[in-house]
Amino acid sequence: MNKENELKTFAELRYERPDFEALKDFYGKLNERLKNAKSFEEVDACIKEDEAYSSHISTMMTIVEIRHTVDTSDRFYEREDEYIHQSYPEAMPYMQAFNETLLRSPFRKAIDEKYGAHFLRSVQLGVDSFCEKNVPLMQEESELTNRYQRLTAACKIPFQGEERNLYGILKYFSDPDRAVRREAAKKYEEFFEKNDKEMGKIFDRLVKLRHQMGVNMGFENYIPLGYMQQGRMDYDESMVAAFREQVKTHLVPFCEKLYKAQAKRIGVDKIKFYDEELVFPEGNAVPVGDRAYLVEQARKMYRDMSKETGEFIDFMIEHELMDLDNKPNKAATGYMTALNDYKAPFVYSCFNGTTGDVDVLTHEMGHAFAGYAAMRTQPLQATWSEPTDIAEIHSMTMEQFAYPYAELFFGDQADKYRFQHLQQAITFVPFGVAVDEFQHIVYQNPDMTPDERTNAWRELEKKYMPWREYDESSAFFNRGGWWYHKLHIFHYPFYYINYTLTTMGAMEFKKKQAEDKQACWRDYMTLCRLGGSLGYIDTLKAANLALPFEEGAVQKATSYALQILEKELGQI
C-alpha cells in the first residue's frame with residue numbers, strides 16, 4: 001500500500017484504469033476468507049489486504065479527479081472520470097459485503113482493541129447508508145454534477161479586454177473602483193442568468209434523485225441519508241437548527257455593524273452585494289508576488305511554524321503536489337485530496353491575484369497538513385480521514401495561525417490583511433448557515449420548482465444577511481439566483497454547515513494561541529494526528545475544544561475575535 005518512497009512528482013505518476021470486474025472477484029474471494037477466518041490474525045490479514053487493494057483503487061481514482069479538473073476539456077480524463085463514476089457504484093455491493101462480514105466477525109472485540117471502537121462504527125455507518133437500489137441513482141447523480149462542473153469550467157467572460165473564467169472575474173469584486181465592481185458583478189450575474197434553465201434543471205433532477213435515494217433507504221426524505229453521508233453520528237437536525245439560531249441571534253447583528261462601518265469607510269451610502277468584498281477604500285490587501293513567490297513564502301512560514309509543518313511543506317514542494325495557476329477549462333473550485341498509495345496530499349486551486357491565493361496556502365494546506373500527519377500516525381487508511389465537520393477545523397485554524405506571517409505575503413499591507421480576513425471569517429458564517437437551511441428546505445420539499453427554490457434562497461438572505469442588497473437591474477440575483485454559484489450545493493449536500501461549525505473551533509484556537517502558544521500547538525497536533533479514529537464529540541474533547549451546539553457556544557467561541565474587530569473598528 002505504501003509507495004511513499006517511490007513518489008517523484010505528481011506529473012510522473014502513472015495512471016492505470018481500475019479494473020472493477022477484477023475488484024468484484026477480489027472482494028468475493030476476500031469475503032469468503034473473512035467468513036472462514038478462525039483467528040483474529042486471519043481477520044487482521046483480510047483487513048490489511050482490503051486496505052492495500054482499496055488504497056490503489058482510490059489513488060487511481062484521485063489521479064483522474066485531479067487531471068480531469070485541471071483540464072475539463074481533456075477528453076481522455078473526461079472519459080476516465082465517466083467510466084469510474086459509472087463503474088464504481090456497481091462495485092460497491094461487493095465491498096459492502098466484505099464490510100458486512102467484518103461487522104459480524106466473532107473477533108470484533110479484538111478489532112476494537114487494536115484499531116479503536118470508532119473504526120467499526122464508521123464501517124457500520126457506511127453499510128447503513130448504502131443500498132443497491134441507489135446504484136443507478138448514484139451514477140446519474142455523478143453525470144449531473146459533472147454537467148454542472150463542465151458548465152462552470154467552460155465559462156468565458158469578456159472583461160476589460162480579456163476573456164476570464166469565474167475565478168478570474170471574482171477578482172474584480174474587490175476593485176477600488178465601484179463602477180468596475182458593478183460591471184464585474186453584472187457580467188458574473190449574466191453568466192448564471194444565461195444558464196438559469198440548465199442549472200435549474202440539473203439541480204431539480206439532483207434533488208429528486210437524492211430524495212428517491214432517501215426513500216429507498218426507508219427514510220421520509222434525503223436528509224437523514226445526507227447526514228450519514230457526511231459521517232455524522234453524534235448530532236442531528238435539531239442541534240444544527242439550534243446552532244443556526246445562535247448565529248442569527250449573536251453574529252448577524254455584529255456583521256450588520258461591520259458592514260455599516262465598511263460602507264462609511266469606502267464612501268457609499270449603503271453596501272451593495274458587489275461592495276461586500278471591498279474592505280478598504282484604496283483596495284484590499286493583495287499578495288505582493290506571483291504563485292512561485294507565494295509558495296516560497298509559504299515554505300518559509302511552515303518551516304518556522306514547527307518541525308512538523310516544515311517537513312510537510314518540503315514534501316509538498318519537492319513532489320510538486322500542488323496545481324494552483326488559473327487556466328482555461330480548469331474547474332472553478334479548490335480542494336485538497338489524497339493519493340493514498342503515496343501518503344501524499346494534493347492541493348488544487350485557481351489563483352487570481354487576491355487574498356484568496358494566500359488563503360489556499362493556509363486553508364487547503366491546513367487540510368493537507370492534517371492529512372499528512374494522520375497518514376503517518378494512524379495505522380489504518382480507513383482512519384486517515386475525518387468527517388468534514390472536523391476536517392474544516394484543521395484548515396480554518398491554519399488560516400489563523402498564519403496571521404503572524406502575513407508580512408511574508410502582503411508586505412506593508414499585512415495589518416490590512418489581518419483585519420479583512422478576520423472580518424470575512426466572521427461575516428461568512430451567516431452565509432454558511434443560510435446555505436445549510438436552504439438545503440434543509442429543498443430536501444424537505446423535493447417537489448419545489450426552480451423558481452420556488454430561488455425565492456426561498458432570497459428569503460434566507462433577508463433572514464441571515466439583512467445587509468444584502470442588489471441593484472434594481474440585478475433581476476436574477478434579486479429574485480434569489482445567487483446560490484447557483486455555490487458548487488457545494490450541487491455536489492456536496494449538507495457539507496456547508498461544516499465551515500460554520502468549524503469556524504467556532506478555529507476561533508477557539510485563535511484565542512488559545514494568544515494565551516498559550518505551546519499548549520495550543522499541542523492541541524492542534526492532537527487534532528491532526530487523530531484523523532478519523534474518534535467520533536466528532538470525542539475528537540473535540542481530545543483537542544480541548546467546545547461543542548458548538550451548546551447554549552452560548554457561538555458567543556463564547558467568537559468573543560475574542562469580535563473583541564479584536566471591535567477594537568480595530570475604533571482605530572480604522
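The values are calculated or read from the model by the stated rules, or taken from the named source; none is laboratory data. Everything numeric here is computed off the predicted structure, so don't read it as measured data. We place every Cβ from the backbone using ideal geometry, glycine too, and count neighbours over all the protein chains shown.
Tell me, yes or no, whether region 449-457 has at least one residue that is assigned to a helix (DSSP H, G or I) and in contact with a strand residue (DSSP E or B) (Cβ under 8 Å, 6 or more places away or on another chain). So that I can check it myself, show each step before the final result.
The first filter runs over region 449-457 and keeps only residues assigned to a helix (DSSP H, G or I), leaving 450-457.
From what is left, the residues that are in contact with a strand residue (DSSP E or B) (Cβ under 8 Å, 6 or more places away or on another chain) are none.
No: zero hits.
Do you know which residues across region 436-449 are within 15 Å of L206 (Cβ to Cβ) and crowded, with 17+ Cβ neighbours inside 10 Å? Across region 436-449, the qualifying residues are F438, Q439, V442, Y443, P446, M448.
Residues in region 376-397 that are over 15 Å from Y492 (Cβ atoms) and part of a loop (DSSP other than H, G, I, E, B): 7 in all. The number of residues in region 348-366 that are of a type in the set (S, T, N, Q) and closer than 17 Å to P328 by Cα comes to 2. Picking from residues in region 335-370 that are aromatic (F, W, Y) and in contact with a Leu (Cβ under 6 Å, 6 or more places away or on another chain), the one that is farthest from T397 (Cα to Cα) is Y342. For region 1-30, the tally of residues that are in contact (Cβ under 8 Å) with a residue 12 or more places away in the chain and under 17 Å from E90 (Cα atoms) stands at 8. Cβ contacts < 6 Å: first residue outside any loop (DSSP other than H, G, I, E, B), restricted to region 472-501; second residue of a type in the set (S, T, N, Q), any location; separation 6+ or different chain. Result? Pairs that qualify, where the first residue is outside any loop (DSSP other than H, G, I, E, B) and the partner is of a type in the set (S, T, N, Q), are L487/T333; F490/T145; H491/T145; N498/T388. Reported count of residues in region 142-183, each being modelled with pLDDT of 90 or more and among the small types (G, A, S), is 3. Scanning region 367-419 for residues that are among the aromatic types (F, W, Y) and closer than 28 Å to K48 by Cα gives F369, Y372, W384. Taken over region 506-550, residues that are touching a residue at least 24 places away in the same chain (Cβ under 8 Å), assigned to a loop (DSSP other than H, G, I, E, B) and more than 19 Å from A374 (Cβ to Cβ) amount to 3.
Look at (1) surrounded by 15 or more Cβ atoms within 10 Å (Cβ to Cβ); (2) closer than 30 Å to H211 by Cβ and you find that Y167 fails only one, number (2). Out of the residues in region 345-355 that are in contact (Cβ under 8 Å) with a residue 60 or more places away in the chain and not in a loop (DSSP other than H, G, I, E, B), which is farthest from the chain's Cα centre (by Cα)? Looking at the filtered set, the residue picked out is T355. Evaluating D314 against the criteria (1) within 23 Å of R14 (Cα to Cα); (2) of a type outside the set (V, I, T); (3) under 18 Å from the mean Cα position of the chain (by Cα); (4) part of a helix (DSSP H, G or I) leaves one unmet condition, (3).
Quickly run through region 255-276 and pick out the residues that are charged (D, E, K, R) and not in a helix (DSSP H, G or I).
Applying the first criterion (charged (D, E, K, R)) to region 255-276 yields 256-257, 260, 264-265, 269-270, 272, 275-276.
Of everything in region 255-276, those that are charged (D, E, K, R) and not in a helix (DSSP H, G or I) turn out to be D269, K270, K272, D275, E276.
Among the residues of region 82-115, the ones that are crowded, with 17+ Cβ neighbours inside 10 Å, more than 30 Å from H491 (Cβ to Cβ) and small (G, A, S) come to 1 in all.
Being within 22 Å of K208 (Cβ to Cβ) and either within 22 Å of the chain's Cα centre (by Cα) or of a type in the set (D, E) (or both) narrows it down to one of Y492, Y464, so name that one. The unique qualifying residue is Y492.
When each of K264, K300, K248 is tested for being touching a helix residue (DSSP H, G or I) at 6+ places or on another chain (Cβ under 8 Å), of a type outside the set (D, E) and either surrounded by fewer than 16 Cβ atoms within 10 Å (Cβ to Cβ) or over 27 Å from A391 (Cα atoms) (or both), the lone residue that passes is K300.
When region 1-59 is filtered for residues that are surrounded by 14 or more Cβ atoms within 10 Å (Cβ to Cβ), basic (K, R) and part of a loop (DSSP other than H, G, I, E, B), only K3 remains. Does region 407-423 contain at least one residue that is under 24 Å from the mean Cα position of the chain (by Cα), crowded, with 17+ Cβ neighbours inside 10 Å, farther than 24 Å from K257 by Cβ and among the hydrophobic types (A, V, I, L, M, F, W, C)? Yes, because at least one residue in region 407-423 is under 24 Å from the mean Cα position of the chain (by Cα), crowded, with 17+ Cβ neighbours inside 10 Å, farther than 24 Å from K257 by Cβ and among the hydrophobic types (A, V, I, L, M, F, W, C). In a residue-by-residue description of region 277-295, the property of being out of contact with any Pro (no Cβ under 8 Å at 6 or more places or on another chain), part of a helix (DSSP H, G or I) and more than 30 Å from D175 (Cβ to Cβ) applies to no position.
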